[in-house]
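Novice: Handing you a structure now.
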Amino acid sequence: MTISSISAPSFPSILAPDFALSPIPRFSEARVFIRVAATLIAAAAVTAPAAHAQSANAQAAPTIAPTLAAKPPRNDNPTATAMNAIAGALRKGDRTGALKLADVFLATHHRNLSVRFQRAVILEDLNRLPEAAAAFESLIRDFPELPEPYNDLAVIHAAQGHLELAEQDLRRAIGAQPNYVTARENLGDLYIAMAVASYASGVKLAPADGALRKKLAMARSLSAELTKAR
C-alpha cells in the first residue's frame with residue numbers, strides 16, 4: 001500500500017539521500033554537513049476520520065537521514081577541473097549552473113560515476129524528481145553493486161508517495177551492501193511511516209475500534225519522536 005492510495009493525505013514524509021559517493025557538498029560551505037531533509041521531501045500523509053483522528057498538522061512521518069561522511073568514489077576518475085567547477089557553482093548556490101557544467105562534462109565522459117551521481121543529486125535538489133529518478137536508475141543499471149543510488153531512488157519514490165517502491169529500493173541497497181547502515185535505518189523509519197498509513201486506513205474503516213485508534217496514536221507519536229531525533 002502506498003500513501004497515494006489513501007484518501008485525504010496530509011502528513012509530511014521526510015527522506016534524505018546519501019551523498020557518500022559525491023565529493024562535492026550540496027549546499028554552501030557553512031552547511032556542508034547539514035541536510036535539512038524537510039525542504040526536500042513532503043510526501044502525503046494519512047489522517048484518521050475527523051471524529052477520532054489527532055490533528056493532522058501535528059503528525060509527521062519519521063525521517064530518513066543521509067550518511068554524511070564523504071568517501072572517494074569507486075571505479076571513477078573524473079576530471080579535476082570539471083569537478084572543481086561544479087563544486088564552485090554549488091558553493092555559490094547555483095545548482096542550475098552546476099547542472100549545466102555536469103551535462104557538458106558528461107557529453108564526453110558518459111560513464112563517469114562521480115559526475116553522474118552528482119548530477120542526479122542536483123536534479124533531486126532542484127525537485128526535478130522524474131529526471132533525478134531516471135538518473136539514479138541509469139546508475140543502478142551501470143553500477144548495480146553500489147548501494148547509494150538505490151537509497152536516493154528510495155527518497156524519490158517516497159516523495160511521490162510510493163512507499164512500497166521505496167521499501168524495495170532500500171532492500172536492494174542492503175542486498176548490494178549488507179553493512180550499509182543508512183539503508184537499514186531508513187528502512188526501519190519507512191516501516192513506521194507505513195504503519196501509520198495502515199492504522200489510519202483501519203481507523204477509517206472501523207472508527208469505533210478503540211484499540212486500533214490507540215495503536216494509530218502510538219504510531220504517530222513514535223513517528224513524531226523519530227522526526228525530532230533527526
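Computed from the coordinates by the stated procedures, all read-outs in this text should not be read as laboratory data. Being a predicted model, the structure only gives us computed values, none of them experimental. All Cβ positions, glycine included, derive from the backbone under ideal geometry; neighbour counts span all protein chains shown.
Novice: Could you work out how far apart the two model spin labels at GLU145 and ASP94 are, taking each label as a point 7 Å from the Cα in the direction of the beta carbon, and quote it in nm?
Specialist: 3.7
Novice: Can you list the lysines whose alpha carbon is less than 16 Å from that of LYS204, not counting same-chain residues fewer than 8 positions off?
Specialist: LYS214, LYS215
Novice: Further question on the same structure: If we count other beta carbons within 10 Å of each Cβ, what is the order of VAL104, VAL203, fewest first? Don't jump to the answer; show the numbers that get you there.
Specialist: Numbers: VAL104 14, VAL203 23.
Fewest-to-most ranking of VAL104, VAL203: VAL104, VAL203.
Novice: Filter the GluC sites (Glu not before Pro) in the stretch 109-173 to those in DSSP coil with at most 12 other Cβ atoms within 10 Å of their Cβ, and list the result.
Specialist: Answer in residue order: GLU145.
Novice: Return the distance in nm (one decimal) between the two label points of a simple spin-label model at GLU164 and LEU205, each offset 7 Å from Cα along Cα→Cβ.
Specialist: 1.5
Novice: Let me ask something else about it. Per residue of the stretch 90-99, what does 6.51 cos²θ - 1.76 cosθ + 1.60 with θ = phi - 60° give for ³J(HN,Hα)? Whole Hz please, x for Gly and Pro, Karplus curve as stated.
Specialist: 5, 4, 7, x, 8, 5, 4, x, 5, 5
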